[in-house]
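Written out below as structure tokens is the structure these notes cover.
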Amino acid sequence: MENISFRTIVLPLGDRLYRLALRITMNRAEAEDVVQDTLLKVWECRSEWEQIGNLEAFAMTICRNRAIDITKRVGRNAASLDVVDNRRQTTDNGQQSLEAHEQLSLVRRLMDNLPEVQRTIMLLRDVEGRSYQEIAQVLGISEIQVKVYLHRARTKVKNGVKD
Amino acid sequence: MDYKYIEQLLERYWECQTTLEEEAILRTFFRQEDVPASLLPYRQLFIEEDKMANEHLGKDFQDKILRMVDEEEPASSLPEGGPVVCKARRMTVIHRLRPFYRAAGLIAIMLSIGNAAHQSFTDEEDAAKTPQMAETIPFDSLQDISIGQPEEQSAALATQIPDTLDAFTR
């Protein structure tokens, strides 16, 4: 029974967890390790699944904390995401114009240079389509705070793109 | 073409006043190639977010996790009091045929008993024919044989028997 739930409910969260971990660690291998640790941690807590209201938020919280721990341990900052950017640019469709590449790179740089909490909130809202309530639950802050952080993040990106 | 609605939505988007559905409309709008110049700088933001949404784990990742979970599962399903230890034992041909030996032995015992019983029964019958056995036959039982005979014959027979027995034993 528990195994079926893990397969059908927990395991499909892997990609979402990976995107979250990737936005924090800026490293694919580390992000994968974070997701693995997170899923195993959730599996270890299987006796408490019924008490946990939102298993996805629970997993997201574990994932975020692990990713932050790894980032602190390695001493990495957001600027190192340029490595990911360069890889992405080389794999993009050749038909895209250089201008588009530059613009894309600019947007990515702007997003990656946001503080971790703003970056995470922007990902959860704009990429994962989570409600303010769910984001607040994952981050352990109020919905008002979520909106404040998101507003700051979007404003920075908007101003950066306009300039 | 009038993009006022999109522009209004975008303004509300920057202010974090849009719903998830309205943000989906914006995303759909910016996915198209034909975007007015005034909105073009913002297009890359939505395109980039779409690309982020397509980041996936490797194909073998799920299998790896399932293997790790399956390895741990038996430990949790072990009975209380620790694991059950099973010892392997080598079975030789003698061990395998032991039930047949036992059955054969049992049959042999039963046959011996039956034979012995039969033998003792037949010996008892034959003993009555020997002189020693005949000597021990009680006189009363011989008298019983004569029941049903005429009285004269019975009396005569009764007087003859002791003589016959004496002669026989001599």
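Read-outs throughout are calculated quantities, based only on the coordinates presented, and are distinct from any laboratory measurement. Since the structure is predicted, the reported quantities are computational estimates derived from the model, not experimental observations. FYI the Cβ positions are ideal-geometry reconstructions off the backbone, even for glycines, and counts take in every protein chain you see.
With the cut-off at 23 Å, tell me which of the pairs A:LYS41/B:LYS59; A:LYS41/B:LYS51; A:LYS41/A:LYS72; A:LYS72/B:LYS59 have Cα atoms farther apart than that. Before the final figure, lay out the partial values.
Numbers: A:LYS41/B:LYS59 21 Å; A:LYS41/B:LYS51 29 Å; A:LYS41/A:LYS72 20 Å; A:LYS72/B:LYS59 29 Å.
The answer is A:LYS41/B:LYS51; A:LYS72/B:LYS59.
Across peptide B:20-26, how many C-beta atoms of other chains are within 10 Å of each residue C-beta, on average? Before the final figure, lay out the partial values.
Values: counts 6, 1, 0, 3, 1, 0, 1.
Neighbouring Cβ atoms belonging to other protein chains average 2 per residue here.
First check a/c for the stretch A:1-76, with a ≥ b ≥ c the square roots of the eigenvalues of its C-alpha gyration tensor; if it is under 1.5, answer rounded, and if not, answer prolate when a/b is larger than b/c or oblate otherwise. Kindly include the intermediate steps, with their values, before the conclusion.
Working: a/c = 2.48, a/b = 2.01, b/c = 1.23.
Verdict is prolate for the stretch A:1-76.
Charges only on Cβ, +1 for Lys and Arg, -1 for Asp and Glu: so what's the dipole of the stretch B:4-53 about the Cα centre, in debye to the nearest 20? Could you put the intermediate results ahead of the total?
Working: 6 positive and 11 negative charges, 16 e Å.
Using Cβ point charges on Lys, Arg, Asp and Glu, the stretch B:4-53 gives about 80 debye.
Would the stretch B:4-53 count as rounded, prolate or oblate if I go by the C-alpha gyration tensor, calling it rounded below 1.5 in a/c and otherwise prolate when a/b exceeds b/c, oblate otherwise? Numbers along the way, then the final one.
Values: a/c = 1.70, a/b = 1.12, b/c = 1.52.
Oblate.
Kindly provide the trypsin sites (Lys or Arg not before Pro) of the stretch A:1-54 that DSSP labels as loop, not H, G, I, E or B, and whose Cβ sees at most 13 other Cβ atoms within 10 Å. Don't skip to the end; give the middle numbers.
Values: sites: A:ARG7, A:ARG16, A:ARG19, A:ARG23, A:ARG28, A:LYS41, A:ARG46; in loops: none.
Answer in residue order: no site qualifies.
Other chains near B:32-41: what is the mean number of their Cβ atoms within 10 Å of each residue's Cβ? Spell out each step's value before the answer.
Values: counts 0, 0, 0, 0, 0, 0, 0, 0, 3, 8.
Counting other chains' Cβ atoms within 10 Å and averaging over B:32-41 gives 1.
Write out the GluC sites (Glu not before Pro) in the stretch B:1-64 meeting two conditions: DSSP loop, and at most 13 other Cβ atoms within 10 Å of their Cβ. Kindly include the intermediate steps, with their values, before the conclusion.
Numbers: sites: B:GLU7, B:GLU11, B:GLU15, B:GLU21, B:GLU22, B:GLU23, B:GLU33, B:GLU48, B:GLU49, B:GLU55; in loops: B:GLU15, B:GLU33, B:GLU55.
Those that pass, being in a loop and sparsely packed, are B:GLU15, B:GLU33.
I'd like the mean, over residues of A:153-162, of how many other protein chain beta carbons sit within 10 Å of each residue's own Cβ.
Working: counts 1, 5, 3, 0, 5, 6, 1, 2, 6, 2.
Mean inter-chain Cβ contacts per residue within 10 Å come to 3.
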